[in-house]
Structures are given as structure tokens and as C-alpha cells.
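As C-alpha cells, the structure follows; a few thoughts come after it.
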Amino acid sequence: DGGITQSPKYLFRKEGQNVTLSCEQNLNHDAMYWYRQDPGQGLRLIYYSQIVNDFQKGDIAEGYSVSREKKESFPLTVTSAQKNPTAFYLCASRKGWNTEAFFGQGTRLTVV
Amino acid sequence: GESVGLHLPTLSVQEGDNSIINCAYSNSASDYFIWYKQESGKGPQFIIDIRSNMDKRQGQRVTVLLNKTVKHLSLQIAATQPGDSAVYFCAENNRGDRGSTLGRLYFGRGTQLTVWP
């Protein structure tokens, strides 16, 4: 089935470590997005990419990095520079400007 | 800051009643709007969308109304069921200054809908 897959579902990180969250889609969508969600809050945009080998910072890009080497994949690295990384991370993809974004099931990252 | 917000953070309704969830947006250049439903611990699911050249769109048990004059969006759920209990988000599409073809999606804080039997 076509869809967007995030892994892992739960991730624990020690302070000072970098971690990478995976996001893969087989929907043939050009655009992919990473959002962060904190309890009781909306979704805040971290990074987005509209085409392979190109991406733009969102509203809260500090402490995060991304790559878009393949159309299907848009991994997010949470670096040690991110001061408060514990959150629920959501990846999404969409085909065009007038189409909905499809979301993965999220990765819950906890710093221990 | 966020350009999309919601009037009410929580809404409680009785099963069978109609629900109305409101959303205000501030960017008059936004051209496409989406409503999502998010259950606890899961990713948002698409409910319905509307383009800026429309003022109403209906789906199964749901209707979205768009009032561009006052920059207001609403989601109406008919005959609300316990399975409708979730957080509802509106999102707006803004192509941005670069004239990008896809643009960014901005989300509001969400409204927690609770349906009582």
C-alpha cells in the first residue's frame, strides 16, 4: 500500500547525542515536511523540501538538519545543539499546492 | 509567529448533536485550507479541504465553510459520534514570498473535541 512511514515510533536519546529520524514515502510526492508537536500545541514547521537536493528552513530549524538525496526519503537529524528535543515529530508529504499533506504516524523522541 | 489560530481550545458535545469548530487565519494570501483530525499518539488524518475560490464544501457528515472577508474557517460535523473525539486542526497554505509552487502549511493549536454518550 502507498503511504508515508516514520521510524522508529519511540526513540530515546542521551544528552549530547545526535539522532536521526527516518521518513520514507512511496506516494511519488515532491514535497516533504518535518513538524514538531509539543503537548497541547499545534504543529510547528522545522524543515521542508519541495524537490530532491533542495530544502528550506521552517520556523524552528535551529538544532536540526535534513537531507533530501532521494525523492522518497527525508531524514531529520536532531543534533546536540537542540536544547529541548523531547517532542513528537511528524513527517508529511504532498503532491501539489492544492492537495492535502499525508502524515506519518510520528516518532516520539525522549531525551534521558 | 503562527498565522492560524482557533477560537476555542476545547469543545464538548453530546452524541448525536452537531459540532462546529472554528478557525481564524491572518494571511489573506492563503489560498488553500485543510482540516485534520488527530487521535492521541497518531499522525493527523485528512478530513476535508477547500480552496480560496470556494466558500463551502461538503463531505460525508462534514462541511467546511470559508469566509474570506473575515478570514474565518469552520468545520461542521453532523450527528457527532464518540469516534469523532480527537483534536482538530485547521491548516492554511501560503505559497510564500519566493512564489514557490507548493508553499508552506501552517497549523493552528487545535481544538479538543470530546463527545459524550
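What follows is calculated from the coordinates using simple rules that are stated; it is not laboratory data. Quick caveat: nothing in here was measured; it's all calculated off a predicted structure. Cβ sites come from the backbone with ideal geometry, for glycine too, and all protein chains shown count toward neighbours.
If you rank B:I77, A:I46 by fewest surrounding Cβ atoms within 10 Å, what's the result?
B:I77, A:I46
Could you give P(r) for the stretch B:31-117, binned at 5 Å from zero, as whole percent values over all Cα-Cα pairs?
In order of increasing distance, the bins hold 3, 13, 23, 23, 19, 11, 5, 2, 1, 0 percent.
State the three equivalent ellipsoid semi-axes of the protein assembly as shown, derived from the C-alpha gyration tensor as the square roots of 5 times its eigenvalues, in descending order and whole Å.
29, 21, 16
Percent relative contact order of chain A, based on C-alpha pairs within less than 8 angstrom and at least six residues apart?
35 percent
For the pair B:Q14 and A:Q105, what calculated FRET efficiency results from E = 1/(1 + (r/R0)^6), where r is the Cβ-Cβ distance and R0 = 30 Å, to the nearest 0.05?
0.45
What is the mean number of Cβ atoms from other protein chains located within 10 Å of the Cβ atom of each residue in peptide B:37-48, rounded to a whole number?
Other-chain Cβ atoms within 10 Å of each residue's Cβ, averaged: 4.
Any idea which of A:I51, A:I4, B:N18 is furthest toward the positive side of the dipole for the protein assembly as shown, if Lys and Arg beta-carbons carry +1 and Asp and Glu beta-carbons -1?
The one lying farthest along the dipole's positive direction is A:I51.
Specify the inter-centroid distance of the stretch A:1-52 and the stretch B:63-93, based on alpha-carbon positions, in whole Å.
Here the answer is 25 Å between Cα centres.
Once you have the alpha carbon radius of gyration of chain A, what is it after dividing by 2.2 N^0.38 Å, with N set to its residue count?
Relative to the 2.2 N^0.38 Å estimate, chain A comes out at 0.99.
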